[in-house]
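The values are calculated or read from the model by the stated rules, or taken from the named source; none is laboratory data. The structure presented is a predicted model; accordingly, all values stated were derived computationally and were not measured. Reconstructed Cβ throughout: ideal geometry from the backbone, glycine too, with neighbour counts over all protein chains shown.
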């Protein structure tokens, strides 16, 4: 019963056009040789949240901002230095959208 309730709730979020923090959504720090830290944020793209949809993109960027604030990472703000879409299959909306961000100094 509990699994069914969780599934229904997640399905409602997806159908409503909201993104949710799930196992596939993460913010990962990457340390470069020059000492710079770049954070890689990944979020899902699917038929309900296409990678090219303006509203879906706004949701992903809002969630990214929430992650950065919740983690207290960038007190002076952050900037996206790269966005990359990796689709599971050609001609499919299923995949991931990666954002590479760095903190402003």
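Counting only residues that are modelled with pLDDT under 90 and surrounded by 13 or more Cβ atoms within 10 Å (Cβ to Cβ), which one in the stretch 74-93 is farthest from residue 52 (Cα to Cα)? The selected residue is 87. If the condition is being buried (at least 19 other Cβ atoms within 10 Å of the Cβ) and not in a strand (DSSP E or B), then the stretch 33-62 contributes 49, 51, 56, 60.
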